């Protein structure tokens, strides 16, 4: 074991965090979910945040946070320091939550919202880094599949509601149902398993990407399954060739960026979403003759 | 202090024949990438297991410190080594040591209230510094002042943080499994899968 004197940042996670563009927007969560996953993946945004300064802070601190290194004593960027920095900035710029929304999830200064932002940023960036390892051709020789399962405890998990302080189980099969709706297969013992490159991982995610948490505040995620286990479960046939498994829905290895991934057909956007998007992306982005959103700078 | 890294090589005698056979077939680089993948999995499993235990203060809210360490752990390989690198807090926990305030700061704020757990004092607005005692018994706390409620003449304060000059963190050898236990678990995984991997090539 060795303590490294020179920092070894989590390069794939940092690349994801740095490859994004600020997208100030007045859209709420529902509106943002209408944007394609391609756009959401390469933009730094938060529902109804129009201040570029706030997004810039989230962008900068996320890259530092996911690097996982400390430049010096007391200088490690943790989710808690991102939250503290954000709340300090909001005080400096005189941020005011919308009337009647103070202290709610729509109030950026609320702990709940600020911590949610830090949490999602960390899990998406580090999740992207983990994903790069999972779909690495050599890694998939050993771990060609994964189990979708609970990785973190939650006080009130999805499918459970609190009524007068008491936990009431509403749907204990919430994630099983969602997995099946996303096209996932259920194996013996109710286990939710799929190949690492299976499209179900993106389909089960609220964010439409095959990495990161499947939803806000979710404790579910992937647990790699070895080749022998995957064969025993019937996920892969004995003697199947890894080259065939890896071809399935493989994504490009490089970190996504706005410049090279925005090729979405304009038709998928509602007019108000497209107008908001173009307004915030600036003049470098226009709708070309073929009806695609194109970078013209 | 920087990140903590585990570096292992398949060149040692402890690698089993099936793994040596695998390495001979696929080459050193790819064999060490496989070892790195197995080691990464074992380290992440260890952190995820530790995340199942409640925090020491038994606060109901959880920061999922260990789970986030698992998420931030990554691996790479060279022709001769498998390398697993963990985020900075792993090194701090494993080796322990004196934690002092960062640049421009005079004290560390230690949360003593569930509402402060996993949060930094500077993220709170309007905390009041309260000092008491003298000499070596002198102490300082940061108090959140609530609003006076019906029937109360004065607002009630709640201690959120205590301020200290430094903290001496004990080394925690259980932060990670031992090198030999980790390597053994990774070899076991590789050995069990070596034949299936060769069939899949």
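In terms of Cα atoms, the Rg and Dmax of the protein assembly as shown work out to 24.5, 81 Å. Relative to the longest principal axis of chain B, what angle (0 to 90°, nearest 10) does the C-alpha long axis of helix B:17-26 take? Relative to chain B, helix B:17-26 is tipped by roughly 80 degrees.
Using the Cα gyration tensor of chain B, with a ≥ b ≥ c the square roots of its eigenvalues, what is the shape: rounded (a/c below 1.5), prolate (a/b larger than b/c) or oblate (neither)? Prolate, because a/c is 1.5 or more and a/b exceeds b/c. Residue exposure proxy: A:176, B:32, B:46, B:174, ordered by other Cβ atoms within 10 angstrom of their Cβ from fewest to most, comes out as B:174, A:176, B:46, B:32. Diffusion of region B:44-111 by Stokes-Einstein, at 10 °C in a medium of 1.306 mPa s and with Rh set to the Kirkwood radius over alpha-carbon pairs, works out to 110 µm²/s.
Working from label points 7 Å from Cα in the Cα-to-Cβ sense, the residue B:98 to residue A:232 distance is 5.2 nm. Each Cα pair under 8 Å and six or more residues apart adds its sequence gap; the mean of these over the residue count of region A:103-214 is a relative contact order of 26 percent. Between 0 and 90 degrees, the angle of helix B:28-50 with respect to the longest Cα principal axis of chain B falls at about 30 degrees. Indicate, rounded to the nearest 5 percent, the antiparallel portion of the DSSP beta bridges found entirely in the protein assembly as shown. Taking every DSSP beta bridge with both residues in the protein assembly as shown, the antiparallel ones total about 95 percent.
If you take the Cα centroid of region B:37-86 and the Cα centroid of region A:148-180, the two points sit 24 Å apart. Counted by neighbouring Cβ atoms within 10 Å, the residues B:88, A:95 run from fewest to most as A:95, B:88.
Site pair residue A:167 and residue B:131 shows an inter-label distance of 4.7 nm when each label is modelled 7 Å from Cα along Cα→Cβ.
All of the numbers you see were taken from the coordinates with simple rules; none came from a lab. The model shown is predicted, which means the values in this text are computed figures rather than measured ones. Note that each Cβ is placed from the backbone with ideal geometry, even for glycine, and that neighbours are counted across all protein chains shown.
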